[in-house]
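The values are calculated or read from the model by the stated rules, or taken from the named source; none is laboratory data. Small disclaimer: the values here were computed from a predicted structure and weren't measured. Counting neighbours? That spans all protein chains shown, and the Cβs are built from the backbone with ideal geometry, glycine included. These area figures cover heavy atoms from the full protein model, side chains too; ligands, DNA and RNA do not enter into them. Shrake-Rupley method; radii C 1.70, N 1.55, O 1.52, S 1.80 Å.
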Amino acid sequence: MLQQAFNGLVGGAFYALLALGLSVIFGMLRVVNFAHGSFYMLGAFGAYVLLDSLGLNFWVALVAVPLLLGAAGVLVERVFVRRLTRLDPLYGFLFTFGLALILQDAVKHRYGVQSQPYPRPSALSGSLDLGLFDYPAYQVFVLALSLLTCAATWLILTRTRVGTIVRAATERPELTRALGIDVGRWVAPVFGFGVALAGLAGVLAAPMRAVNPLMGADLIITVFAVVVIGGLGSIFGSVAAGFAIGLITALGNLYVPALSQTLVFVVMAAVLLWRPAGLFGREEAAL
């Protein structure tokens, strides 16, 4: 059971990274970024392309791919998303949904639908003794890096002036504008940061999961459920819900495998009935 719980925390690490980026983007732009899963997929394929075409290893991809996708996210926001923020939110949803399909089909056209192999870095190919059981070193690295990234993001948002402005613009955009702060100048960097987190999750997923054009589509619905459970726009809630859902799903696979794929939506329905704003929505987002 302990080993399965650890599996759940590792799975929750991907949910947490993706939900964190999705929550920040929604909080500031009020855009439901349905292309988030495709950026996650591009992160995995970016690592594969760097290795296959340029011979660059995992460690280079871990830095380069999120930066490149973050820059692409800034460009997407400035050229396309910014034009839609003053319209009905449905336009933003339709645009990101269409963008997801375009990116997915573009990768299908170039690489097909078969999964591409990606090796684990040799430095993390063994196992670690965690006391009660041995566990693959790479999974431990994924969990540690995810926790470190989420903690660093939280510290930046809560302990720095720039972070305070971004957090205020994310959670109270209208009030922030009323105080004379130019929220618009922070929108593109925040969108790019959210996309970079998705890319980071994709690079981390490449050695563990099948690198294929559909990997983002298979995950994004669950990530949306995670964000709703934590509270739309809630930064802390998204991270906490991500790890919690990973744990619940893993234990569900162990005890109630027939319901393991639907447990997250059962939890979401229960949370919405109890707290419509999500577990941390009232405190963090007050939507």
Regression test value, accessible area per residue of the chain, probe 1.4 Å, units Å², expected 47 Å²
Measure off, as a whole percent, the carbon and sulfur share of the 1.4 Å-probe accessible area of the stretch 138-287, all protein chains present.
70 percent
Return a whole-number percent for the relative contact order of the chain, with Cα pairs under 8 Å and 6 or more residues apart as the contact set.
38 percent
Mind listing the phi-derived Karplus ³J(HN,Hα) values for the stretch 37-42, rounded to whole Hz, using 6.51, -1.76 and 1.60 with θ = phi - 60°, and x for any glycine or proline?
x, 5, 5, 4, 4, 5
With labels modelled as points extended 7 Å from the Cα through the Cβ direction, what inter-label distance (nm, one decimal) is found for S115 paired with R30?
4.2 nm
Kindly state, to the nearest 0.05, the FRET efficiency for A106 paired with V60, given R0 = 22 Å and r defined as their beta-carbon distance.
0.40
Rounded, prolate or oblate: which fits the stretch 137-287, taking a ≥ b ≥ c as square roots of the Cα gyration tensor eigenvalues, rounded meaning a/c under 1.5, else prolate when a/b beats b/c?
oblate
Under the Karplus curve 6.51 cos²θ - 1.76 cosθ + 1.60, θ = phi - 60°, whole-Hz ³J(HN,Hα) for the stretch 130-136, x wherever Gly or Pro sits:
9, x, 8, 6, 8, 9, x
Rounded to whole Hz, the Karplus (6.51, -1.76, 1.60) HN-Hα couplings of the stretch 56-69, x for glycine and proline:
8, 7, 4, 5, 5, 4, 4, 9, 6, 5, x, 5, 5, 5
Give me, ordered by chain and number, the residues 5 or more places off S127 or on other chains with an amide H under 5 Å from its own placed amide H.
A137
How much length, in nm to one decimal, is gained on full extension between V266 and A152, taken as 0.36 nm per residue of separation minus their Cα-Cα distance?
37.9 nm
Hull surface over four for the Cα convex hull of the stretch 68-131, reported in nm², is 8.3 nm²
With each run of n ≥ 4 DSSP H residues scored as -39500 (n - 2.57), what mean residue ellipticity at 222 nm is computed for the chain after dividing by its residue count and rounding to the nearest 500 deg cm²/dmol?
-24000 deg cm²/dmol
Most mobile of L75, L132, L90 in a GNM of the chain (Cα contacts under 10 Å)
L132
May I ask for the distance between the Cα centers of the stretch 94-125 and the stretch 37-86, given as a whole number of Å?
11 Å
Under 5 Å between amide H atoms, partner at least 5 residues away or on a different chain: which partners does V211 have, H built in plane at 1.01 Å?
Q116
Set the Förster distance to 22 Å, then compute FRET efficiency between Q4 and L124 from the Cβ-Cβ distance, nearest 0.05.
0.55
In terms of modelled amide H atoms, which long-range or inter-chain residues lie less than 5 Å from the amide H of V32?
F93
